[in-house]
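K.L.:
For reference, the structure I am asking about is given below.
The values are calculated or read from the model by the stated rules, or taken from the named source; none is laboratory data. All figures in this text were calculated on a predicted structure; none of them were measured in a lab. FYI the Cβ positions are ideal-geometry reconstructions off the backbone, even for glycines, and counts take in every protein chain you see. When the accessible area is computed, the model is the full protein with side chains, heavy atoms only, and any ligands, DNA or RNA have been set aside. Shrake-Rupley method; radii C 1.70, N 1.55, O 1.52, S 1.80 Å.
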Amino acid sequence: MKYFTWLLFSIVFITSCSKDRLPVRFQMSYLNRNIVISAALNPFESQYYIFRDIPTDIDEYIRINNVKRSDITSILPRSCTLRNISSNTGLNFLEEVLIRIYDPNDPDLKYEIFYNDIIPLNAGREIVLYPNERDVKDYLFSDFYTIEIVLRRFRDAPTENIDARIDFSFDVR
């Protein structure tokens, strides 16, 4: 009887954890945002890289995918990578990376959309950042948006200047 109760509880718990998500209509990708991580940076200070006025191209995405603005219920962060594109140096000197989005007209209201706060010691040339469940439809429905890339909690300073690239995408539902 004890095992039956435990089994019943497990089944109810597992089946109640499913989220009601709409299917992904299309993806919006923003590639090749390049930054230079300087060898002369101070590992005790966070480093900020700001990309202003990134065109959303929302009208083009909508036209290509044959949907209407009113059909879109949410736009959620999907994937993000930070890659060293200049050498074979690993990015293990970083401990935390995050990306925030905000409206250029209201820079005080920022939302974290991607993060990785436990970068492993054996990190290679590429770091995967994890998406937050923040709906960014309001930002990507405008013509332009701004992102802020924050590198913080360094383990050490890099041994050379590193050209890095950020690629990220969003799911449109």
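This table checks each residue for (1) of a type outside the set (D, E, K, R); (2) in contact with an Asp or Glu (Cβ under 6 Å, 6 or more places away or on another chain); (3) open to solvent by less than 20 Å² (accessible area, probe 1.4 Å).
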position	(1), (2), (3)
Asn88	yes, no, no
Leu91	yes, no, yes
Ile101	yes, no, yes
Lys110	no, no, no
Ile113	yes, no, yes
Asp117	no, yes, no
Leu121	yes, no, no
Gly124	yes, no, no
Leu129	yes, no, yes
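K.L.:
Check Leu22, Leu8 and return the single one that is of a type in the set (A, V, I, L, M), at pLDDT below 55 and either in a strand (DSSP E or B) or open to solvent by less than 100 Å² (accessible area, probe 1.4 Å) (or both).
P.N.:
Only one candidate passes the filter, namely Leu8.
K.L.:
Looking at (1) touching a Lys or Arg at 6+ places or on another chain (Cβ under 8 Å); (2) open to solvent by 30 Å² or more (accessible area, probe 1.4 Å); (3) acidic (Asp, Glu), find the lone condition where Glu148 falls short.
P.N.:
(2)
K.L.:
Still on this structure: All but one of (1) open to solvent by 70 Å² or more (accessible area, probe 1.4 Å); (2) touching a residue at least 24 places away in the same chain (Cβ under 8 Å) hold for Glu60; state the number of the condition that does not hold.
P.N.:
(2)
K.L.:
So Lys137 ticks every box in (1) touching a Lys or Arg at 6+ places or on another chain (Cβ under 8 Å); (2) over 22 Å from Ser38 (Cβ atoms); (3) open to solvent by 30 Å² or more (accessible area, probe 1.4 Å); (4) of a type in the set (Lys, Arg) but one. Which box is left unticked?
P.N.:
(1)
K.L.:
Inspect segment 27-34 for any residue being over 22 Å from Ile149 (Cα atoms), at pLDDT 90 or above and not basic (Lys, Arg) and give the result as yes or no.
P.N.:
No, every residue in segment 27-34 fails to be over 22 Å from Ile149 (Cα atoms), at pLDDT 90 or above and not basic (Lys, Arg).
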